[in-house]
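Nothing in this text is a laboratory measurement; each read-out follows from the coordinates by a stated rule. Predicted model only: the values in this text are computed from it and were never measured. For neighbour counting, all protein chains shown are included, and Cβ atoms are generated from backbone atoms with ideal geometry for every residue, glycine included.
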Amino acid sequence: MVCLYWGANTDDMTIQNSRIRDMFAGGINMTNGSTDNLVDNNESRATGDDSFALFSAIDAGGADEINNTYSNLTSLVTWRAAGVAVYGGYANTFKNIYIADTLVYSGITISSLDFGYPMNGFGASPPTVFDNISIVRAGGHFWGAQTFPAIWLFSASKIFQGIRVSNVDIIDPTYSGIMFQTDYVGGQPLFPIQDTVLTNITISGAQRSGDAYDAKSGFGIWANPLPEAGQGPAVGSATFTNLQLSNNYRDIENTTTTFTIIRN
């Protein structure tokens, strides 16, 4: 199968108690103004795109994606893209989630990249919420020599704001625990990371990879200074409250002058 469900303008739907296996593309992806949906108690294994995603594109009609809940989910061995991904929207909640063994990409992608489609960025309020999540052995390398973390926060072609991440355990990430990145066009950054708060985050076991990408590994938290040729450093800031770091090669790596990591 290509995917279990890819829906535009999907409203008031429940997808529950499903087992997703060996997909060519994603597991469940809702887009184009999809609102008030529940994706609950589903397990995904071996998808070829994001296992569970929301993409706030508007190319097929609709407006912002709001009031969707993705809960009680498991994502295993995603072989291309992320376990869970959100691209824009607001008032969406992802909670009670276990992600393990992503092969080439992040465990969680939080991104404002529009992929060349008309799309709305992240709304400020109510925020986009991630809560009670475990991410084990996640991350990989893709798109040439770029490495990906357990959680990837990517401010890109649309506004990036209103992000709340709480009660997350990141264990043994392949390259890094949390990575901040900003997209550039013509040598200039697009949108900064702003209004982003992470609370009760634990990151352990981020060690050097020992492979060709060793220099881009071993960081608990990384403000990426040069993800790819023609790009630039992460821009903006993020606030951490009750951050716990242990057994990492380097807990925090930030050599930029453009990104601020605030610890409370």
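Descriptive notes on the structure:
- Debye intensity ratio in log₁₀ form over the Cα atoms of the chain, taken at each q of 0.08, 0.09, 0.11, 0.17 Å⁻¹: -0.27, -0.34, -0.52, -1.35
- Among Val168, Val129, the order by Cβ neighbours within 10 angstrom, fewest to most, reads Val129, Val168.
- Cα gyration tensor, the stretch 116-206 - rounded (a/c under 1.5), prolate or oblate: oblate
- Sequence-distant residues sharing a close amide H with Ile151 (under 5 Å, placed H): Gly107, Ile108, Ile178, Met179
- Karplus (6.51, -1.76, 1.60) ³J(HN,Hα), θ = phi - 60°, over the stretch 255-261, in Hz, Gly and Pro reported as x: 9, 7, 10, 10, 10, 10, 9
- Volume per residue for the stretch 45-94 equals 72 cubic angstrom (convex hull of Cα atoms).
- Taking the empirical scaling 2.2 N^0.38 Å for compact globular proteins as reference, the stretch 167-264 has a Cα radius of gyration ratio of 1.07.
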